[in-house]
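The values are calculated or read from the model by the stated rules, or taken from the named source; none is laboratory data. Bear in mind the structure is a predicted one, so any value in this text is a computation, not a measurement. Cβ atoms come from the backbone with ideal geometry, glycine included; neighbour counts cover every protein chain shown.
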Amino acid sequence: MSTVNRQWVLAERPIGRAVRESDFRMQESPVPTPDDGQLLIRTLYLSVAPVMRQYMLDGAGFEKPLAIGEVMRGRGVGIVVESKHPDYAAGDIVQAKLGWQEYVVSDASPWWMIYKVHQRIAPYSTAIGVLGVTGFTSYLGLVDIGRVKPGDAVVVSGAAGGVGSNVGQIARNLGCGPIIGIAGSAEKCEMLTTKLGYDAAINYREEEISPRLGELCPDGVDVYFDNVGGNTLDTTLTHLARHARVVLCGRISEYVDNEEQPYVLQNYQQLHKRVASMEAFFIYEMEEHFPRAEAAMARWIAEGRLTYAEDILDGIERMPKALIRLFEGKNRGKQMVRVDPNAEAYGRD
Ligand SMILES: NC(=O)c1ccc[n+]([C@@H]2O[C@H](COP(=O)([O-])OP(=O)(O)OC[C@H]3O[C@@H](n4cnc5c(N)ncnc54)[C@H](OP(=O)(O)O)[C@@H]3O)[C@@H](O)[C@H]2O)c1
């Protein structure tokens, strides 16, 4: 085991601008040792998510704001290398708020949201992807907030991203249709219709969304799963079917440019006219439902009815780059970083 713990700390806040690599600084610390009631975890994979830019600014409204010099926050999958905690043993695979670092000591208190990874049907990476919080966001957003029914016309923005890459397939498995994805390149649109369960895709960088939605959903949109907000949300409101449900998952198009002047919806009256609802959710408030989401997703994976798109960079040194990729639209599926090159080898024999 290494004696050095590489960590990324916050160096500068990206106020009113895009995230830059120079916003982070790598430091080396000694690998910590666990006290009684604690465990030492070695990181295998780290998740990368749009909310991390918010952590850098203000804590995203639910976490304490990060101080300059503090280790970047985020979830990961790891292996317990030493345990002085009664509920954990060396060799356990866990997912938790590991932070951007190679080793971390945890007391497994509720803040860590630490879960053991029991499944062996899919790579450990899926514990921060389709079988982790990202996948639960896709499933619970569509099922519990979107209340989808068979035959519903479903539209998803950010459809080729971490959350969106699961939503089309979940909708398909639940008998919805047509299922339309909105994404930012022809290559992503091709991926949506050939691999990710979408019937059709709209490339918002090259096509006008409104006429295409009119063609593809002539009876209106029953569920709109929104990952991007802004103009895409506003446009889709004009295509809602009666009693439609709009699921406010995220609004990445507004994260960088609209901090001072938030986007103002022009078409919210459509909600009234179509007797529709629009509901936001925060996945960490739905923790009691994670096992249900995980069971459904794991069953579909085992049955060959759910594939997962992972975009994996190698090496902890690439964490800043991985985060920036999200805002440049470079990721295909769930963006993550493999910190340990042998990540999948542990506990497999
Ligand atoms: N409510 C919750 O509890 C919860 C939980 C998890 C995630 N979220 C939110 O869900 C959304 C998806 O999360 P994720 O982790 O799966 O990220 P993601 O979709 O993989 O995010 C990256 C993608 O967003 C798109 N994007 C980037 N800038 C954009 C812009 N200006 N306009 C339109 N699209 C843009 C890009 O795809 P294109 O090439 O298609 O533009 C990019 O590939 C995010 O908004 C996130 O904050 C919410």
(request) Could you check how many residues of the range 304-349 are away from the ligand (no atom under 15 Å from the Cβ), under 29 Å from Leu140 (Cα atoms) and polar (S, T, N, Q)? (result) 1
(message) Which numbered condition in (1) within 16 Å of the ligand (Cβ to nearest atom); (2) assigned to a strand (DSSP E or B) is the only one that Glu190 fails?
(response) (2)
(message) Among the residues that make up the range 236-251, is at least one of them assigned by TED's automatic domain parsing to the domain that holds Gln266, within 21 Å of Ala293 (Cα to Cα) and in contact with a helix residue (DSSP H, G or I) (Cβ under 6 Å, 6 or more places away or on another chain)?
(response) yes
(message) Looking at (1) free of Cβ contacts under 8 Å to residues at least 12 places away in the same chain; (2) assigned by TED's automatic domain parsing to the domain that holds Gly78, which one does Glu207 not meet, given that it meets all the others?
(response) (2)
(message) Exactly one condition in (1) crowded, with 17+ Cβ neighbours inside 10 Å; (2) within 30 Å of Asp144 (Cβ to Cβ); (3) not aliphatic (A, V, I, L, M) is false for Asp340; which is it?
(response) (2)
(message) Out of the strands (runs of 3 or more DSSP E) lying entirely within the range 1-69, which hold 3 or more residues that are free of Cβ contacts under 8 Å to residues at least 60 places away in the same chain?
(response) 24-30
(request) State whether the residues of the range 278-291 include one that is crowded, with 20+ Cβ neighbours inside 10 Å and over 24 Å from Gly168 (Cβ atoms). (result) no
(request) Among residues belonging to the range 237-252 that are more than 12 Å from the ligand (Cβ to nearest atom) and within 14 Å of Val167 (Cβ to Cβ), point out the one that is surrounded by the most Cβ atoms within 10 Å (Cβ to Cβ). (result) Val246
(request) Would you tally the residues in the range 229-276 being closer than 22 Å to Ala171 by Cβ, among the polar types (S, T, N, Q) and in a loop (DSSP other than H, G, I, E, B)? (result) 1
(request) Output the residues belonging to the range 110-167 that are surrounded by fewer than 24 Cβ atoms within 10 Å (Cβ to Cβ) and small (Gly, Ala, Ser). (result) Ala122, Ser125, Gly151
(message) If the requirement is being under 20 Å from the mean Cα position of the chain (by Cα), under 25 Å from Val77 (Cβ atoms) and not assigned by TED's automatic domain parsing to the domain that holds Arg73, which of these qualifies: Val94, Val163, Val154?
(response) Val163
(request) Report, by residue number, each residue of the range 92-141 that is hydroxyl-bearing (Ser, Thr, Tyr) and closer than 22 Å to Ser2 by Cβ. (result) Tyr103, Ser106, Tyr124, Ser125
(request) Within the range 322-329, identify whether any single residue is aliphatic (A, V, I, L, M), under 12 Å from Tyr45 (Cβ atoms) and in a helix (DSSP H, G or I), and answer yes or no. (result) yes
(message) Show the residue pairs meeting these rules: Cβ distance below 9 Å; 6+ apart or different chains; first residue within the range 322-338 and under 7 Å from Glu310 (Cα atoms); second residue part of a loop (DSSP other than H, G, I, E, B) and of a type in the set (Ser, Thr, Tyr).
(response) Gly333/Tyr308; Lys334/Tyr308
(message) Name the residue that is surrounded by the most Cβ atoms within 10 Å (Cβ to Cβ), counting only residues in the range 214-234 that are within 16 Å of the ligand (Cβ to nearest atom) and without any contact (Cβ under 8 Å) to a residue 60 or more places away in the chain.
(response) Gly229
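Which of the residues belonging to the range 278-303 are away from the ligand (no atom under 16 Å from the Cβ) and among the small types (Gly, Ala, Ser)?
Answer for the range 278-303, where residues must be away from the ligand (no atom under 16 Å from the Cβ) and among the small types (Gly, Ala, Ser): Ala295, Ala296, Ala298, Ala302.
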